[in-house]
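Trainee: The structure's right below; bear with me while I get my questions together.
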Amino acid sequence: MSDTAKRRIFAMLDSDGDGVITRDEYLARVDRVAAAFGRGDRDPLVAAARGAHREVFGQMDGDGDGGVTFEEYRDWAGHEAFESTCRPALGSLFDLADGDGDGRLTRPEFTRLRTTSGNPAEGADAAFDALDPDGEGTVARAAYLAAIHDFLTTGASPMAGAYGEARPDPREPAAR
């Protein structure tokens with residue numbers, strides 16, 4: 001994955017924009033999603049999501065100092081990290097949003113999940129449509145996770161355009 005894609009994801013996770021993702025900042029994603037879907041602290045899905053996100057944060061925080069810099073994130077992010085910890089963590093957020101537990105999100109559920117987990121509201125409809133190519137009106141868990149995997153590992157996915165076309169990172173050498 002290019003540094004450009006990694007910087008976009010890092011910026012989303014660094015919600016206060018100070019250049020470091022703290023443990024509390026990262027775990028707050030779970031609390032925001034749980035609250036948005038009316039799930040309380042005693043909900044087993046909330047506990048599972050918190051556990052999965054603690055595991056991700058522990059792996060991202062390479063030096064164990066309680067904060068993840070871009071360099072730590074850049075070194076950690078990729079296919080192996082996605083499969084070992086990100087897939088379960090992102091799946092747990094999907095599960096919090098899946099009100100009827102059918103493994104599919106409606107457009108309103110998808111949009112609320114997207115915005116409460118840190119993605120901009122702009123492009124939510126385009127992202128949903130990209131993941132619902134047959135127009136059934138829902139997004140399947142597997143398609144959602146596959147699209148995020150592709151974006152995290154290659155910078156491209158059916159949802160990539162919905163995130164907005166990435167502008168070149170001025171710190172990266174120009175493609176030749």
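Trainee: Work out the length of the dipole vector of region 4-105 about its Cα centre, built from +1 on the beta-carbon of each Lys and Arg and -1 on the beta-carbon of each Asp and Glu, and round it to the nearest 20 debye.
Mentor: In total the dipole reaches around 300 debye.
Trainee: To continue, here is another question. Convex hull volume of the Cα atoms in region 73-113, per residue, in Å³?
Mentor: Cα-based convex hull of region 73-113, divided per residue, equals 84 Å³.
Trainee: Then there is this: What is the Cα convex hull volume of region 15-162 when expressed per residue in Å³?
Mentor: Once divided by residue count, the hull of region 15-162 is 108 Å³.
Trainee: Run lengths n ≥ 4 of DSSP H only: what is the helix-derived mean residue ellipticity at 222 nm for the chain, with -39500 (n - 2.57) per run over all residues, to the nearest 500?
Mentor: Mean residue ellipticity, 222 nm, calculated: -16000 deg cm²/dmol.
Trainee: Over all pairs of distinct alpha carbons, what does the Kirkwood formula give as the hydrodynamic radius of region 60-137, in Å?
Mentor: Radius from the Kirkwood sum: 14.5 Å.
Trainee: Leaving out ligands, DNA and RNA, what percent of the accessible area of the chain is carbon and sulfur, probe 1.4 Å?
Mentor: Reported share for carbon and sulfur atoms: 52 percent.
Trainee: Now, a different point. With all distinct Cα pairs included, what does the Kirkwood hydrodynamic radius of region 1-42 come out to in Å, to one decimal, could you say?
Mentor: Final number for the Kirkwood radius of region 1-42 is 11.6 Å.
The values are calculated or read from the model by the stated rules, or taken from the named source; none is laboratory data. These numbers come from a predicted model, not from an experiment. With ideal geometry, Cβ positions are generated from the backbone for all residues, glycine too; neighbour counts draw on all protein chains shown. To get the accessible areas, we keep the full protein, side chains included, count just its heavy atoms, and leave off ligands, DNA and RNA. Shrake-Rupley method; radii C 1.70, N 1.55, O 1.52, S 1.80 Å.
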